[in-house]
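A.B. asks: Let me begin by handing over the structure; questions about it come next.
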Amino acid sequence: MVGAAAAALACHAPASISTGDAGAGAGAGAEEATPTPTCVDTLDARLAEAHTLYPGPLRTAVVDATFLYVDVDRSPFFDDAVALAPRVLAALRNGRIAPHPLCPVTVYVFGSRARFEQHCSDHRYVPDGTRNWGVWDPLRRDVVVDLSGGRAHVPTTAHELTHVVMLADFEAPRWFRECVGTLYEAPVFPRDGDIAGEDNWRYGALRTAVAAHDPRAHLGALFGMSDLAFRGDSASTSALNEAMARATCQWLDERGALWPFYRAWRDARADAGDLDGVAAFRRIRGQTPAEADPDWRAWVLRRGG
Amino acid sequence: MSDDPKRSPSEAWQALEKGALRDEGERVAKLGNEELDASLAARGVDPEAARRRGAELAAKLLAQRAAGAAQPATQPDGKVVPIAAARARRARPAALTWLVAAAAAAAVLGGGGAAYVALNTPEPAPTTPVPTVPSAPPGPPPEVLAKQEADTLRGRAATECGATHWAACLSSLRQAGKLDPQGAAARPVARMQAKAARALLHEELDAKGGSVEARTLPAKLAAGFTTALAEHRGQAVTLACAPGAEPQPLCGWLAAALTRAGWVVTRPRLKAPVTVDGQVVHATRVLVAPDADDATQSAADALADALEGALLRTSGPDEAPAGSGSPLTLVVGPQ
């Protein structure tokens with residue numbers, strides 16, 4: 001049974017985990033769910049929905065009284081995914097993304113590629129490129145992750161959790177959401193409460209594009225890019241934009257500029273200003289993205305992954 | 001998930017509960033008002049104002065219904081007109097506005113700009129003398145008024161969809177569907193609604209994509225694809241595949257799955273990718289001739305939905321360019 005009372009609105013108390021192996025109808029704890037005007041449902045309702053989708057015994061865990069983790073098909077890495085969540089959430093809330101109360105979220109963890117694909121098919125989670133490894137659906141407030149690739153894919157959950165907490169703080173353009181989200185899909189934790197991203201597989205194609213002076217591959221390209229353009233009309237464009245976004249956040253983070261930039265841009269946009277982020281970038285870096293491009297390109301060419 | 005008693009999927013989404021669009025319709029219908037409000041607010045549409053509009057509309061209709069029982073149909077100059085003539089006059093603008101709304105929707109679906117013509121076109125003045133009768137006919141039937149308002153909302157939705165304001169478009173269509181469920185079943189409206197629902201979902205999703213690999217059609221998804229399309233057995237389709245090492249195997253799988261569904265597949269050998277309006281078509285796109293019969297139009301909707309169910313990025317159904325020569329074409333472009 002899901003131990004944490006299904007609080008419909010969880011604040012940023014220290015991250016916690018409770019686990020259960022609930023059958024359908026077992027309920028989500030003895031305490032009554034607390035309805036609030038903000039959230040459309042509760043962890044109890046989400047547990048019931050998970051049982052409707054996937055009948056039978058279902059291993060679950062609740063993190064932070066907000067995230068209902070569901071082990072759909074006995075993934076061997078379910079526990080790893082659950083254990084990662086509090087570290088990620090604590091680090092994101094530690095001087096990075098401002099903590100806000102969150103409505104419940106279901107995190108469906110799949111160990112089988114076929115089951116993951118069927119779930120995505122049922123919900124029409126169509127990838128921009130060739131395939132998805134994880135999805136955050138803010139309309140349903142569902143996260144879906146495919147861990148069939150092994151333990152190395154567990155941090156996909158960090159990518160998606162970042163989207164969840166960021167959405168509550170900053171309604172950013174897609175490129176910047178992916179900038180931050182992709183950074184933590186390959187996370188390192190230098191110390192408790194700290195998090196950084198390290199080089200990953202996305203940089204192979206980006207290095208090639210930058211080395212070839214592909215006109216699409218430069219730092220200034222992202223600033224002001226529409227959500228539609230960021231998705232691109234082809235898989236290669238979509239992948240290149242994702243890689244550029246990740247490289248931008250990692251490059252900024254290594255210079256201690258990511259979170260000052262984040263806050264500056266978030267606050268400006270909250271006042272309907274700085275739509276493209278250039279002013280915030282200039283304020284934090286003392287130069288425009290175009291002026292910073294040579295440094296960024298050189299940095300990209302030194303990346304591993 | 002959400003259990004919002006305010007929403008009424010069966011009422012507002014009647015059209016989408018048919019055939020191959022059913023799953024998507026159910027999925028979007030399950031969005032609670034709060035979720036849709038959040039999307040509206042994020043796009044600068046005031047959900048409260050939208051609700052207020054709806055309430056005002058309802059009040060207006062109720063008032064008109066009440067007034068209609070006692071109010072004679074009169075000309076501005078006070079002349080009393082016969083019931084049949086009055087009804088005919090009222091019916092004309094409704095038909096006109098519906099056609100304009102449908103045309104605007106078709107323009108959007110065709111990929112062009114939404115040329116939404118103002119729906120409040122002045123009514124034409126009667127051209128023949130109207131004899132007076134000493135009767136007191138009823139006012140406009142509420143269903144006619146509701147349909148007029150629904151048409152106006154659908155025209156607005158066409159503009160909103162044309163501007164890719166998907167949440168606002170869906171909201172307008174939902175309101176229209178509540179006023180005029182029958183009109184929601186009309187193909188241009190149902191197609192616009194399905195397109196907006198798909199686009200909204202795609203717009204909102206944040207996904208972790210993988211590296212670029214050749215597209216595949218996994219066996220289980222292929223089986224679902226075939227099952228979804230078997231209802232349209234006998235449908236002819238042209239499979240226009242871009243040349244190259246990547247699209248061709250995918251085309252082979254799609255051709256096999258379509259054939260298993262009983263479709264009649266023609267697969268011309270192309271030397272270059274298909275272009276529409278000078279742009280190479282990437283991913284997949286469903287094109288249907290505007291004068292195609294109803295079965296083909298229905299199959300086109302089902303095909304677009306089944307492709308998404310197979311997790312293949314898809315656009316359409318869109319209007320086929322003039323001279324394309326095939327009632328229904330599935331374009332498979334490069335990735």
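A.B. asks: Based on a Kirkwood Rh over C-alpha pairs, give the Stokes-Einstein translational diffusion coefficient of the range B:165-268 at 4 °C and viscosity 1.567 mPa s in µm²/s.
C.D. replies: The calculation lands on 78 µm²/s.
A.B. asks: What distance in nm separates the two pseudo spin-label positions at residue B:264 and residue A:288, each 7 Å out from Cα along the beta-carbon direction?
C.D. replies: It is 6.0 nm.
A.B. asks: Convex hull volume of the Cα atoms in chain A, per residue, in Å³?
C.D. replies: Spelled out: Cα convex hull of chain A, divided by residues, is 124 Å³.
A.B. asks: Turning to a different aspect of this structure: Given the C-alpha centroids of the range B:284-300 and the range B:248-271, what is the distance between them in whole angstrom?
C.D. replies: The two parts, judged by their Cα centres, are 17 Å apart.
A.B. asks: With a ≥ b ≥ c the root eigenvalues of the C-alpha gyration tensor of the range B:236-303, is it rounded (a/c under 1.5), prolate (a/b larger than b/c) or oblate?
C.D. replies: oblate
A.B. asks: Can you list the residues, at least 5 places off or on another chain, whose amide H is less than 5 Å from the amide H of residue A:186, using H built in the peptide plane?
C.D. replies: When sequence neighbours closer than 5 places are left aside, the close amide H contacts are A:198.
A.B. asks: Given the rule -39500 (n - 2.57) for each run of at least 4 DSSP H residues, summed and divided by the residues of chain A, what is its mean residue ellipticity at 222 nm, to the nearest 500 deg cm²/dmol?
C.D. replies: Roughly -13000 deg cm²/dmol at 222 nm, from the helical runs in chain A.
A.B. asks: Starting from the Kirkwood Rh over alpha-carbon pairs, what translational D in µm² s⁻¹ does the range B:191-335 have by Stokes-Einstein at 25 °C and 0.890 mPa s?
C.D. replies: So the translational diffusion coefficient is about 159 µm²/s.
A.B. asks: Check which residues have an amide H placed less than 5 Å from residue B:315's amide H, if you skip close sequence neighbours.
C.D. replies: Placed amide hydrogens put B:284, B:285, B:286 under 5 Å from residue B:315.
A.B. asks: Same structure again: Let me have the relative contact order for chain A, percent, based on Cα pairs under 8 Å that are six or more residues apart.
C.D. replies: Answer for chain A is 14 percent.
Where a number appears in this text, it was derived from the coordinates with a stated rule and is not lab data. None of the values given here were measured: they were computed from a predicted structure. We place every Cβ from the backbone using ideal geometry, glycine too, and count neighbours over all the protein chains shown.
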